[in-house]
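One structure is given below, encoded as structure tokens.
The values are calculated or read from the model by the stated rules, or taken from the named source; none is laboratory data. These numbers come from a predicted model, not from an experiment. Reconstructed Cβ throughout: ideal geometry from the backbone, glycine too, with neighbour counts over all protein chains shown. Heavy atoms of the whole protein, side chains included, go into the accessibility calculation; ligands, DNA and RNA do not. Shrake-Rupley method; radii C 1.70, N 1.55, O 1.52, S 1.80 Å.
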Amino acid sequence: MKNKIIKEYERAEEFKKNSLIKRQPLDKRYLFLLRRATFEKNKFLRWYYERRLVRMGEKYNIEISSHCKIGKGLYLGHPGCITINPAAQLGEYVCLHKGATIGVENRGPLKGVPTIGNCVWIGINSIIFGKVTIGNDVLISPNTVVNRDIPDHSVVFGNPCQIRHRSRATQGYISDAIYERYFGDGEKSNSNKL
């Protein structure tokens, strides 16, 4: 009986040591909880994952709601101080970096929340607010304030934002395999899948 208890304890310790959740970096753990809180069918487990998500968000200052519409492949580079409004829509393979804010405008002609396309790279301390649409294959430079629509294949920088057209804007910033899947045929791209 004693040997059985010792073996069970050793097995539990080995599991904790090799657990995927413990070994993954912060962004992977946070995204795991975000996906579980978003897609869990069981109400109790969904509540549990949402609570864990909130606690981890408070600890690391990340505010991403499980009600936000996010496509596959979200990447959090150096996660921390990231804020996304719950009503915002993010496409596939969006890269967010430290200090990125995607927020709401409460009054005026830009009243609403942003819609972000596929393969978008958002740099450090960038702010996107209001009812604006960010196209596919857009690179938003660090410390940029975006308050107007951005067309596909663009590089955006500055405050107020300046837009420069550039085909293959996020090449080298988004994984090459993903980039080729979307933009492999020159300017031809998949439609926005939001």
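Starting from the residue with the highest accessible area, list Val132, Val145 in decreasing order, probe 1.4 Å.
So, going from the largest accessible area down, we get Val145, Val132.
If you build the convex hull over the alpha carbons only and average its shadow over all orientations, what do you get for the range 94-194? Give it in nm² to one decimal.
Orientation-averaged projected area of the Cα hull: 6.0 nm².
Mind ordering 79-86, 120-127 by average Cβ neighbours within 10 Å, highest first?
120-127, 79-86
So between Arg107 and Ser167, what do we pick up on full extension, going 0.36 nm a residue minus the alpha carbon distance? Could the numbers behind the result be given before it?
Details: separation 60, 0.36 × 60 = 21.60 nm, distance 3.41 nm.
That pair, Arg107 and Ser167, stretches by 18.2 nm at full extension.
If you average 1/r across every pair of different Cα atoms in the range 42-147 and take the reciprocal, what Kirkwood value do you get, in Å?
Evaluated over the range 42-147, this radius sits at 14.0 Å.
When the accessible area of the range 47-194 is split by element with a 1.4 Å probe, what percent falls to carbon and sulfur?
Details: 3690 of 7360 Å².
Result for the range 47-194: 50 percent of the exposed heavy-atom area is carbon or sulfur.
Given the C-alpha centroids of the range 122-145 and the range 54-92, what is the distance between them in whole angstrom?
Their Cα centres are 15 Å away from one another.
Counting only heavy atoms of the protein chains, get the accessible area per residue of the range 98-137 (1.4 Å probe) and round it to a whole Å² value.
39
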